[in-house]
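Data first, discussion second: the structure below is written as structure tokens.
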Amino acid sequence: MTTTSAAASTTAIPEVVTNSAAPRPSGWLSWLTSTDHKRIGIMYIVASWMFLVIGGVEALLIRLQLAVPDNTLLSPQTYNALFTMHGTTMVFLFLMPMIAGIANYTVPLMIGARDMAFPKLNALSLWLFIAGGIVFYGSLLFSPAECGWTCYAPLSETAFSPSNGVDSWIFLVHLVGVSSFVGALNIFVTITNMRAPGMSWGRVPLFVWTMLTQAILLIISIPVIAGAVTLLLTDRHFGTHFYDPTNGGSPLLWQHLFWFFGHPEVYILVLPGFGVISEILPVFSRKPIFGYKAIVAATLGIAVIGTLVWAHHMFTVPLPFFLMIFFMLGTYLVAIPTGVKIFNWVFTMWRGAIEFPVAMLYALGFLATFLLGGITGIFLATFPVDWQLHDTYFVVAHFHYTIVGGAVFSMMAGLYYWFPKMTGRMMNEKLGRVSFALTLGGFWITFLIQHSAGLSGMPRRVYEYADVNNLGTYNMISTVGSFILALGVLLTIINILQSLKNGAKAGPDPWRGNTLEWFTPSPPPVNNFDIVPRVRSVEPMQDIRRQIERQDRVGEEAGVAAGS
Amino acid sequence: MRSPITSLPAKNGILFGIVLVSALLIPATGAFAGILAPEAGGGTPNAEAIRSLYLLIFGLGCIVFFGVGGLMIWTIVRYRASKGAVAVQVHGNNRLEVGWTVGAALLLVLISVVTFIKLDQIKNPPNSSANGLSTPQNASFSSGPAKPSLPPNGRSLNIDVNGQQYLWRYTYADTDTNNLNNVFSYEQMVVPTNTTVTLSIRAQDVQHSWWIPELGGKFDAVPGYTNYTWFNITEPGVYDGQCAELCGRGHATMIASVKAVSPDEFKLWYASQKASIVAAEKQAATARNALIAKDAAALKNAPSADAPAAAPAPAAAVDGKKIFVAGVPATGALACGSCHALADAGTTAAVGPNLDTTLKGQSAAMIKASTLYPNKLISKGFAANIMPANYGSSLTKAQLDALVKYLNDAVNGK
Ligand SMILES: [Cu+2]
């Protein structure tokens, strides 16, 4: 073998030669100053999990206050600040950066690139997000915003929210907004320009497709929310009246601008989740994804239609009927591509040989949970029914089913799936299973019953409620569930910390994955790949494995022949 | 080698779903309202239509949930990795893909069609029944381009619903054009049964949302806009609800209720409410006039300003006490004393709280805030919108400061 190849190459091939490899820099300063997409990805994830803990504690305080009717544990001021911080934290400081972290780490690896297109901008994104978190939580030192994560005007105007809490909320949106915008540009350019040779659009991994779509959605919607909060800022401090009805402004302007961002935002959160699921299900079913093209088309379809349905969050404000009908039908339309993906995923498993590591369990938890979240979405899209359900605990339940089911469970799946790649070590499967069972069970206990609370007349964002219509029982169940859920998440955190030290060595490809990140060692070297293989299908690793098998067979045969 | 795709267990799943749904729906319509379906009971047609639309979607949703969920579980169990199991390498199936897309679309078309059918019943109020209150034509609080949906005969009892931190005020339309002499109430709205009641919903500070679950959907009260809804209650009773849009710290306690009584009882209530409002207004007016007269007399007896003996009054250019007792008629600042009792000023009116007791121990800043924004913090036992909210403009800054200083000194000592 070697002799023949040496004989074959008689002319010199130009190549980069180094005499010594620079040692990988270490120490905390090297992390802070890093522009390596992998380190940035990990820092994103670590920071986002810190915010998850904070947001989670806020959620538990909320649930404690609501555990029994007429509770006086928290004052209304504290309670309002808590749900404002909880929502804002989970959306802007946990989920978006968590997704950004996973994508940062995996997208370049999956497309066979050596880094992101703009490594320094990438670092800027990370630090802007962290700055946003600090600015927002700085308001704990005076008085945090109390206007909910939607911060509707005129409640958020100085006349009704004189404290600077709202201002720090505005600056948070500015900072994480710029962070996401720059990050989205980076992802977009990276995916469009830096794919491995042979990776035509039909061979791009589905997670990468969803990240590309997410980037487009961010580029469309972030400027709108940035503008909206800027107008709020000038209203508050520079004498304008954009949202002030007593001076010709309009509170509905805020709502339109906010939801023009806010609705795409839900796809911004769940589309990457769809991508992760579309990577994990085929690997552990040992089958190709069912309907690759259909899933890509659905993803793009969701992005296009998803930007045109924002006012389904506004069915209860004075809107002309034809608009309500337009937004209802638009929402149904976007429900179709979202809904039928579930069939694609189920049929990916159909006739497979399914294995159940924790990553796969979370993916299945995602399917079941998101299924219900999708169905309750149809209730809310039907505007007369929404009049009954809007702004109640039914809605709270619905969006936790979609966001936690769709985005959090899929990111947990992604975390368990890619942890070996990021650290070189396996997570503890047993602990992972316990954690999964508690998380999923706790989630369903917490939120299923909240539908009933809403149907029984409990509006959202109330710090206390009277004990009528069984509300006391429903809320107690929900509170118990939330602590089970929290325990589940805590076990995953413990699992991560333990596995970092004691986890079994993973090797480059512990799952027999399909995509290129499994081609390089775990964790990958700074430059990711010494050679980037040519991509011939959506599952390049399958091709490579098959090729190696073939070569082995040939080699064996040759060996046998030589030996005889 | 494995069962072909066409013999899905989905059929069983669907059957199972239908059975389960019907099992669930029967109790859901009765005692279990609230667990699986919105509350019902007022008998108003729009709420009933919304509820039946909900139940339809609920039924379809259950079928989809149990069908797809069943298929999922079956797949996971049936195709779990086992010895010798080989994954079949299929990449997709266009016919299936089209099939479920069309299937999902058809479900949604079905829901849309039923929604459109029900829309008329939800949107358009019927005429009041013969045993309802006979209401005058047209009296309504409508403004802006949007118009309330009125019954075919144009007659309804129109009530203006005004959301304010943290209280609902209801003003009943009458036939004259003066909106200041109308009957009003707070928190509890009293309405006649079998009568079409139309609501014009507004907000005066931040956004609120009007919601009585048993009477149909919620309608946001958005400052600067008017929103409309209606109901026609057949069952007498009290229907509770509360503000459904975050409006500040008192959001949770901003409750509302609608009490439906027979038209005759309603007439009695309306008359007595009117009488007590008129009486209260008369009382306030007499108190006001008496004060003004007393104040005028006091002014006459006071040494004239240019008398040399008078104390040089440089800074005393603005006299807080005088403003308290007499107001500033020129700018429309009503005298505080016409509503408030204050020992130092000798006033005894009881339209507003007794300031000697309520201001005891309060800071000057607090007094100033209460004077400028009377509706922000409503004193216990009193209603909003009685104390004028115009002192920010009808008093100059110097007058205001003098007034606040006077009050603070009078109540809390120098
Ligand atoms: Cu939405």
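The values are calculated or read from the model by the stated rules, or taken from the named source; none is laboratory data. Here the structure is a predicted model, which means the values were calculated and not measured. Cβ sites come from the backbone with ideal geometry, for glycine too, and all protein chains shown count toward neighbours. These accessible areas exclude ligands, DNA and RNA; they are computed on the full protein's heavy atoms, side chains included. Shrake-Rupley method; radii C 1.70, N 1.55, O 1.52, S 1.80 Å.
Which condition number in (1) more than 23 Å from A:PHE343 (Cβ to Cβ); (2) surrounded by fewer than 17 Cβ atoms within 10 Å (Cβ to Cβ); (3) within 14 Å of chain B (Cβ to nearest Cβ) is the one that A:PRO223 fails?
The number of the failed condition is (3).
Cβ contacts < 7 Å: first residue over 14 Å from A:PHE258 (Cα atoms), restricted to segment A:232-243; second residue surrounded by fewer than 17 Cβ atoms within 10 Å (Cβ to Cβ) and not polar (S, T, N, Q), any location; separation 6+ or different chain. Result?
Listed pairs, sorted by first residue: A:ASP235/A:HIS241; A:HIS241/A:GLY248.
Suppose we filter segment A:248-269 for residues that are more than 16 Å from the ligand (Cβ to nearest atom), open to solvent by 20 Å² or more (accessible area, probe 1.4 Å) and of a type in the set (A, V, I, L, M); how many remain?
1
For segment A:301-402, please list each of the helices (runs of 4 or more DSSP H) lying entirely inside it that holds at least 2 residues being more than 9 Å from chain B (Cβ to nearest Cβ) and free of Cβ contacts under 8 Å to residues at least 24 places away in the same chain. Even if it seems obvious, please write down each step before you answer.
Values: elements: A:321-349, A:358-381, A:383-389, A:393-402.
Here the list reads A:321-349.
Do we have B:THR396 as surrounded by 15 or more Cβ atoms within 10 Å (Cβ to Cβ) and modelled with pLDDT of 80 or more here? If you could, list the steps in order and put the result at the bottom.
Numbers: surrounded by 15 or more Cβ atoms within 10 Å (Cβ to Cβ): no; modelled with pLDDT of 80 or more: yes.
Here the answer is no, as B:THR396 does not meet what is asked.
Considering segment A:436-467 alone, what residues qualify as being more than 9 Å from chain B (Cβ to nearest Cβ), open to solvent by less than 40 Å² (accessible area, probe 1.4 Å) and of a type in the set (D, E, K, R)?
none
Limited to segment B:240-266, what total is found for residues that are more than 9 Å from chain A (Cβ to nearest Cβ), buried (at least 21 other Cβ atoms within 10 Å of the Cβ) and within 26 Å of A:THR72 (Cα to Cα)?
The number of residues fulfilling the criteria is 2.
Which number in (1) in contact with an Asp or Glu (Cβ under 9 Å, 6 or more places away or on another chain); (2) more than 14 Å from chain A (Cβ to nearest Cβ); (3) surrounded by fewer than 21 Cβ atoms within 10 Å (Cβ to Cβ); (4) not acidic (Asp, Glu) marks the one condition that B:GLN188 misses?
With respect to (1) in contact with an Asp or Glu (Cβ under 9 Å, 6 or more places away or on another chain); (2) more than 14 Å from chain A (Cβ to nearest Cβ); (3) surrounded by fewer than 21 Cβ atoms within 10 Å (Cβ to Cβ); (4) not acidic (Asp, Glu), B:GLN188 is out only on (1).
Specify which of the listed residues (B:ASN162, B:ASN158) is under 10 Å from the mean Cα position of the chain (by Cα) and surrounded by 21 or more Cβ atoms within 10 Å (Cβ to Cβ). Explain how you work it out, then say what you get.
Details: B:ASN158 fails: under 10 Å from the mean Cα position of the chain (by Cα).
Result: B:ASN162 is the single residue among B:ASN162, B:ASN158 that is under 10 Å from the mean Cα position of the chain (by Cα) and surrounded by 21 or more Cβ atoms within 10 Å (Cβ to Cβ).
For segment B:212-227, which positions are in contact (Cβ under 8 Å) with a residue 24 or more places away in the chain and either more than 10 Å from A:VAL317 (Cα to Cα) or at the interface with chain A (Cβ under 8 Å from one of its Cβ atoms) (or both)? Before you say what the answer is, go through the steps one by one.
So in segment B:212-227, the residues in contact (Cβ under 8 Å) with a residue 24 or more places away in the chain come out as B:212-218, B:220-221, B:225-227.
Those that are in contact (Cβ under 8 Å) with a residue 24 or more places away in the chain and either more than 10 Å from A:VAL317 (Cα to Cα) or at the interface with chain A (Cβ under 8 Å from one of its Cβ atoms) (or both): B:ILE212, B:PRO213, B:GLU214, B:LEU215, B:GLY216, B:GLY217, B:LYS218, B:ASP220, B:TYR225, B:THR226, B:ASN227.
Counting only residues that are of a type in the set (Ser, Thr, Tyr) and within 16 Å of the ligand (Cβ to nearest atom), which one in segment A:294-345 is farthest from A:GLY365 (Cα to Cα)?
Taking segment A:294-345 and keeping what is of a type in the set (Ser, Thr, Tyr), we get A:299, A:307, A:316, A:331-332, A:338.
Keeping just the survivors that are within 16 Å of the ligand (Cβ to nearest atom) gives A:307, A:316, A:331-332, A:338.
Values: A:THR307: 28, A:THR316: 33, A:THR331: 25, A:TYR332: 24, A:THR338: 17 Å.
Looking at residues that are of a type in the set (Ser, Thr, Tyr) and within 16 Å of the ligand (Cβ to nearest atom), I get A:THR316.
Taking A:ALA123 and the conditions (1) in contact with a Leu (Cβ under 8 Å, 6 or more places away or on another chain); (2) buried (at least 20 other Cβ atoms within 10 Å of the Cβ); (3) within 21 Å of A:ILE99 (Cβ to Cβ); (4) hydrophobic (A, V, I, L, M, F, W, C), which numbered condition does it fall short on, given that it satisfies the others?
A:ALA123 satisfies all of (1) in contact with a Leu (Cβ under 8 Å, 6 or more places away or on another chain); (2) buried (at least 20 other Cβ atoms within 10 Å of the Cβ); (3) within 21 Å of A:ILE99 (Cβ to Cβ); (4) hydrophobic (A, V, I, L, M, F, W, C) except (1).
Taking the stated definitions as given, is A:PHE207 within 16 Å of the ligand (Cβ to nearest atom) and within 21 Å of A:VAL182 (Cα to Cα)? Show your work before the answer.
Working: within 16 Å of the ligand (Cβ to nearest atom): no; within 21 Å of A:VAL182 (Cα to Cα): yes.
So A:PHE207 does not fit the description; no.
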